[in-house]
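FYI, it's all coordinate maths here, none of it is from the lab. Model, not experiment: these values are computed from the prediction. Neighbour counts are summed over all protein chains in view; Cβ atoms, including those assigned to glycine, are modelled from backbone coordinates with ideal geometry.
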Amino acid sequence: MLEPYLAFLVVLGGTEAFFDWLAVVNLRYGERRLRERADWVRDRFGVEDPARLADYQRANTGLGLLGSVVQLAILLLLVFSGVFGAAVASLDGLGLPPLARGALLFAGVAVALFLVSWPFDAVDTFVVEELFGFNRQTVRLFLRDGAVSLGLSIVLAGLLGTALLWVVETFPRTWAVGGAVLYLVFALAMQVVYPRVVVPLFYDFERLDAGELREAVDDLFERAGFHCDQVYEMDASRRSRHSNAYFVGFGRTKRVVLFDTLVEQMSVPEIQSVLAHELAHWREAHVWKLTAAGVVQVAVLLGVAQLLLASGWLTGVFGVPAGATAAQLLLALWLVAPLGEWLAPLANRLSLGFERAADDFAVELTDVPSMVGALETLVGENLSNPFYHPLYETFHASHPPIPERISRLETRDGPTPAAVDEDGVPG
């Protein structure tokens, strides 16, 4: 029966081809816009040589494309060659209970995925990031992080995969709903576990001591009617020069984290604007709305996977026997995963509205120059691509392009400039 084999090639290969093409289109569009708006980019973002920004985007896009194609090719080879089926048969021969065999299979897949992607992570860190002055990670630290990441992947894949397998076998007709509930529980748990257990395995945190910045943060929280005692600075500079900040947790587990690189690169008012933007997502329940949207999307994907399992269409495919539910589940999830990429515009549209609302809240709590300055610093310091191709933006952009955000903020209390180009850049 060739249909399943052709389906995997068409669905996985076709999706890969489309999004690779889209990445190339976006790269060329961004390079053209950078050439056309070179003076504006220099003035706005402090990037002395816009061509360097284009080079960074080209290097990242090229490595990303190579990595995704090679990884897909290797995984298809492992499955089509019968290696995957042989591994499943070996596990079945151990005589272990189904859930135990499933846990080993999920953990083994996590190891395989890590080994396939890890060389590209190394090239990204020690070639691309190094060439553009972002990498601060030693080889020893990279190897240590890799070992910790692998261990976490094995544990999470084993636990989540086994939990989903239990749901599948316990509720064979409604397991898609149970899987969505499992995703929701996991997402909520990670709001607490991730900042307190996972991230500290990689970074050190120090409470933000009394001083100008802490006073500014407390003042911002007071004006917003928000309370959080746990404000930390994270030593991101040990690994990279990239900067960020985030809120995480809920209730008494709320935590505010500032990258030390962000503290170094931005003024205090700009940091306040960044925090105000992030704070808006919590005040307006954007995080929970996006989580709910994620649950719906997961339910849809699992619903399709449930139909595949129920049809028996994957039985015997790639050497997987009829009783190997865990292996068939993996194949079904792999086949439906691209559907998530095609549904991305729906979630992105929701997120774009939230981001604009968060920008509005930030400037109401602080001011327009501070928020605009923060956006300019993020682009200039991180060499971020300010120009997205419209189609690429539809599928990939959860945030509006920076030029659009700047133009929108600067004109929110006045008339829109007569001459504004397609990216929101004043002419």
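A few remarks follow.
- Here the Karplus curve 6.51 cos²θ - 1.76 cosθ + 1.60, taken at θ = phi - 60°, turns the phi angles of segment 144-153 into couplings of 5, 4, x, 5, 5, 4, 4, x, 5, 4 Hz, with x standing for Gly and Pro.
- Shown for ILE406, ILE154: other C-beta atoms within 10 Å of each C-beta, ranked fewest to most, produce the order ILE154, ILE406.
- Label-point separation, SER311 to SER81 (7 Å along Cα→Cβ), nm: 2.9
- Rounded to 10°, Cα long-axis angle of helix 325-342 versus longest principal axis of the chain: 30
- Panel order for TYR392, TYR5, by other beta carbons found within 10 Å of each beta carbon, from fewest to most: TYR5, TYR392.
- Sites LEU9 and ALA293 - FRET efficiency at Förster radius 30 Å, r taken between beta-carbons, to 0.05: 0.45
- Note on PHE132 and ALA322: with the Förster distance fixed at 56 Å, the Cβ-Cβ geometry gives a FRET efficiency of about 0.60.
- Fewest-first ranking of ARG252, ARG196, using other Cβ atoms within 10 Å as the exposure measure: ARG252, ARG196
- A prolate overall shape is assigned to segment 99-192, the ratio a/c of its alpha-carbon gyration tensor axes (a ≥ b ≥ c) being 1.5 or greater and a/b exceeding b/c.
- Alpha-carbon spread of segment 1-127, three principal axes, descending order, Å: 68, 33, 21
- Cα-centred dipole magnitude for segment 236-349, charges only on beta-carbon of K, R (+1) and D, E (-1), debye, nearest 20: 240
- Between the helical axis of 286-311 and the longest alpha-carbon principal axis of the chain there is an angle of about 20 degrees.
- For the chain, calculated [θ]222 nm from helices alone, where every DSSP H run of n ≥ 4 adds -39500 (n - 2.57): -23000 deg cm²/dmol
- Charge tally in the Cβ shell below 10 Å around VAL248, where Lys, Arg are +1 and Asp, Glu are -1, VAL248 excluded: +2
- Multiplying the residue separation of ILE74 and LEU391 by 0.36 nm and subtracting their alpha-carbon distance yields 111.2 nm.
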